Amino acid sequence: MSSHALLPADVRMLERGWLSSNSLLLQGIDEQGAVLIDSGYCTHGDQTLALVQHALADHAQPGLRLIANTHLHSDHCGGNALLSQHFACPIAIPPGDFDAALRWDEAGLSYGSTGQTCPRFVPSQVLSPGSELIQGRRRWQIHAAPGHNPHSVVLFEPEAAILVSAAALWQHGFGIVFPALGRADKACEQGFSEVEATLDLIDSLPARVVVPGHGPAFSDVSAALAIARKRLAFFRANPQRHARHAAKALIKFRLLEIERQSRLGFINWLLSNTVHVAIWQNYFDDQSVADWSLALLQELAEAGALKLQDEAVINL
Ligand SMILES: [Zn+2]
């Protein structure tokens with residue numbers, strides 16, 4: 001069943017490919033205005049605006065009254081600046097990132113270390129775990145969901161049993177566990193145990209439909225939870241495999257953004273990327289960082305995720 005068919009008419013999921021997270025438009029009643037959960041990556045800003053305007057027109061909504069973010073990774077809040085300006089609406093974010101966002105601490109917000117782009121925006125409200133986001137006739141519970149990101153939240157609407165799971169649960173896994181990329185065993189284990197606690201939380205919610213951060217909506221929640229738990233057990237036993245997977249996912253994300261670059265230019269970008277170099281230092285420094293980076297590109301090419309042609313790296 002399509003994402004559209006799984007959701008009620010007043011809840012519209014907007015998809016734009018993996019570079020952007022999914023967005024969810026919660027329609028209002030009368031002239032109330034709609035709420036947008038997550039706004040995608042910045043390079044998709046114009047497309048996101050067009051999708052939002054189209055969905056608003058379907059429900060005769062005058063505009064957005066609020067943008068809310070599950071967490072502040074660049075693929076979830078990259079459209080915040082453009083959309084909040086266009087609709088003159090406030091932005092609500094998880095409380096743990098509020099101060100960093102106000103100060104626009106690029107390192108604390110991960111844009112500096114990942115080399116990802118996110119135009120500055122100013123939040124004015126928080127999505128506090130334990131409270132509700134009320135929109136139209138629906139009450140969306142806000143739950144803390146650390147693991148992928150320490151400050152992330154997920155939203156659950158009990159009447160239609162919809163879970164907005166961000167990167168805590170996808171149909172075939174979950175997002176990179178950033179806190180587990182450090183070498184210190186304690187921090188690593190804490191990251192994985194937060195993922196487990198968040199999966200337990202999701203298991204306790206009677207969700208019938210999941211709108212994940214990436215990929216189509218799905219209804220077989222227990223199958224997705226079983227896949228996620230199996231993956232977690234594997235990564236927990238093999239943190240080095242998780243680190244390698246993370247490095248490759250970040251390379252693929254970069255290529256989704258830039259599409260192609262010279263091999264030398266791409267390797268140089270990787271060598272200047274704080275997260276990439278930290279993963280190498282923590283897990284793979286038995287070889288040079290340049291050799292390791294090239295090996296990752298070759299593995300991604302063998303998996304069909306990119307093409308190494310002449311002296312170029314090309315997204316596939
Ligand atoms: Zn994320």
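Rounded to the nearest 10 degrees, the inclination of helix 289-302 to the longest alpha-carbon principal axis of the chain is 60 degrees. Please name which of Phe234, Val277, Gly265 has its Cα lying farthest along the dipole of the stretch 181-316 towards the positive end, using unit charges on Cβ (Lys, Arg +1; Asp, Glu -1) and the Cα centre as origin. The residue sitting farthest along the positive end of the dipole is Phe234.
Based on the alpha-carbon gyration tensor of the stretch 3-237 and its eigenvalue square roots a ≥ b ≥ c, which shape applies: rounded if a/c is under 1.5, prolate if not and a/b is larger than b/c, or oblate? Mind dumping the intermediate values first?
On the way: a/c = 1.79, a/b = 1.26, b/c = 1.42.
It comes out oblate by the Cα gyration axes.
With contacts taken as Cα pairs under 8 Å at a separation of at least 6 residues, the chain carries a relative contact order of 13 percent. These residues, Lys230, Lys186, Lys307, Lys248, go from largest to smallest accessible area, 1.4 Å probe, as Lys186, Lys230, Lys307, Lys248.
The stretch between Gln53 and Asp200, if pulled fully straight at 0.36 nm per residue, gains 49.3 nm over its current Cα-Cα span. Roughly how many percent of the accessible protein surface of the stretch 3-237 is carbon and sulfur, given a 1.4 Å probe and a whole-percent answer? The nonpolar share, carbon plus sulfur, comes to 53 percent.
Rolling a 1.4 angstrom probe over the protein heavy atoms with all chains in place gives the chain an accessible area of 42 Å² per residue.
Please state the charge dipole magnitude for the stretch 136-273, taken about the Cα centre, from unit charges on C-beta atoms (+1 on K and R, -1 on D and E), reported in debye and rounded to the nearest 20.
Working: 17 positive and 11 negative charges, 98 e Å.
Once rounded to the nearest 20, the dipole reads 480 debye.
May I ask you to list the residues of the stretch 24-63 whose amide nitrogen lies under 14 Å from a point 7 Å from Cα along the Cα→beta-carbon direction of Arg137? Backbone N within reach: 27-30.
If each residue of separation counts as 0.36 nm, what is the full-extension length gain between Phe234 and Asp185 once their alpha-carbon separation is subtracted?
Values: separation 49, 0.36 × 49 = 17.64 nm, distance 1.57 nm.
Stretched fully, the Phe234-Asp185 segment lengthens by 16.1 nm.
Taken about its Cα centre, the chain carries a charge dipole of roughly 240 debye when the Cβ of each Lys and Arg holds +1 and the Cβ of each Asp and Glu holds -1.
Selection among His214, Phe121, Gly45 by position relative to the dipole of the chain gives His214 as farthest towards the positive end (Cβ unit charges, Cα centre).
The values are calculated or read from the model by the stated rules, or taken from the named source; none is laboratory data. As the structure is a prediction and not an experimental result, all values here were calculated from the model. Here Cβ is always computed from backbone atoms with ideal geometry, including for glycine, and neighbour counts include all displayed protein chains. Surface areas here come from the heavy atoms of the whole protein model, side chains and all, with no ligands, DNA or RNA. Shrake-Rupley method; radii C 1.70, N 1.55, O 1.52, S 1.80 Å.
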